[in-house]
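What follows is a single structure, written as structure tokens, with notes after it.
The values are calculated or read from the model by the stated rules, or taken from the named source; none is laboratory data. These numbers were taken from a predicted model, which means no experiment stands behind them. Every residue, glycine as well, gets a Cβ built from its backbone with ideal geometry; the counts of neighbours run over all protein chains shown. In case anyone asks, the SASA skips ligands and DNA or RNA and just uses the protein heavy atoms, side chains included. Shrake-Rupley method; radii C 1.70, N 1.55, O 1.52, S 1.80 Å.
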Amino acid sequence: MLTLGLESSAHTFGAGIVDDGKVLANAKAMYDIGAGGMVPSKVAEFHALNAAGVIRDALDKAGITLRDLEGIGYTRGPGLGPCLQVAQLSARTLAHRLGLGVAMVNHCVAHIEIAKHASGLKDPIVLYVSGGNSQILKLAGKPFRHYRVIGETLDIGIGNMLDSLARKLCLNPAWGSTVAKTAEGGNYIELPYTVKGMDFSFTGLLTRAEELAAKMSPKDICFSVQETSFAMLCEALERALLLTNSKELCVCGGVAQSTRLRSMLTSLARENKARFGYVENEFNADNGAMVAFTAERMLLHGASTSPENCDIMQRYRAEEAAVF
Ligand code: FE2
């Protein structure tokens, strides 16, 4: 089913096209956050200016026209309100014009579904790590098929924590991949480490790292923040693996692009005799293809909404979304 998926929950406007689970196109335009971070209204303006061009790019890459589309999906949430509106309005307008049903996709579920598909894992413990979210999830069957959150951050997402650190250290661009580059060759210094069962917290770690910013080298701070925060995730994940007796582990979301995190998770999986999987970076960063992939499944199972009933949910949790 030729399906267009639109994503605009944060800094990226993405348009992906999928047919029968196969990605035909994954076009995107990304807002340049520079050293200052994101102002939602400015990012939304960027998305509005780029939406038509990115959609056209996706159609060209897939070698189809709008009239060939059989379904449309967009990210309903979670995300920044003004940004989410752009994909929502684009999807509604196209669906109305083309007479198509729309799938309202949960962003977290889209990240998980494409990573699970790519890695061939059936029922893994999932670590979903991005700017606004850091959660451990497992598929549950009742009262409907959904991802149950069995552990999560008690304050901020790990991606936001790394972005905040990058801004404090005046790194440019101010986000996690620059922290990772700065961390190369750094030395370990002890920082607050907070894990409570399968939950974790990052604000104490961030506050201490920011306090040390004036007197220690950025290299050592970045290295130590990465090592400490990733170790926290590993401890909580190991507990989740043991408690659920699971033998599969999957990581997804923007922070899953970190090679250091993936190397630590590879060791964790090996020690627990679990299979470990993830998807290519192109699909871990926010993208339209993951939305199209999830939307196609939803539409094939009848989870279709008429354009006039489409909405956004800024705090749309993964466990509220049915999985097909
Ligand atoms: Fe994301």
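Enter the angle in degrees (range 0 to 90, nearest 10) between the Cα long axis of helix 81-98 and the first principal axis of the Cα atoms of the chain, meaning the one along which they spread out most.
Value to nearest ten degrees: 20.
Determine the per residue accessible area of the range 1-135 with all protein chains present and a 1.4 angstrom probe, expressed in square angstrom.
Ligands and nucleic acids excluded, the figure is 36 Å² per residue.
Beyond 22 Å between alpha-carbons counts as too far, so tell me which of Lys168/Lys196; Lys22/Lys273; Lys122/Lys247; Lys181/Lys215; Lys42/Lys219 fall in that bin.
From the list (Lys168/Lys196; Lys22/Lys273; Lys122/Lys247; Lys181/Lys215; Lys42/Lys219), the Cα-Cα distance tops 22 Å for Lys168/Lys196; Lys22/Lys273; Lys42/Lys219.
Sequence gap at least 6, Cα distance under 8 Å: using those rules, report the relative contact order of the range 125-247 to the nearest whole percent.
Relative contact order here is 25 percent.
Work out the length of the dipole vector of the chain about its Cα centre, built from +1 on the beta-carbon of each Lys and Arg and -1 on the beta-carbon of each Asp and Glu, and round it to the nearest 20 debye.
The calculation lands at about 360 debye.
Go ahead and set up a Gaussian network model of the chain, Cα springs under 10 Å, then flag whichever of Ala289, Ala52, Ala29 fluctuates most.
Between Ala289, Ala52, Ala29, it is Ala52 that shows the largest mean-square fluctuation.
With the full set of protein chains in place, find how many percent of the accessible area of the chain is carbon and sulfur; take the probe as 1.4 Å.
It is 51 percent, rounded to a whole number.
Can you tell which of Gly99, Gly37, Gln85 lies farthest toward the positive end of the dipole of the range 26-108, using +1 and -1 charges on the Cβ of basic and acidic side chains (Lys, Arg; Asp, Glu)?
Gly99
Placing unit charges on C-beta atoms (Lys and Arg positive, Asp and Glu negative, everything else neutral), compute the dipole magnitude of the range 139-281 about its Cα centre in debye, rounded to 20.
Approximately 420 debye in magnitude.
Using DSSP, restrict attention to beta bridges with both residues in the chain and report what percent are antiparallel, rounded to the nearest 5.
60
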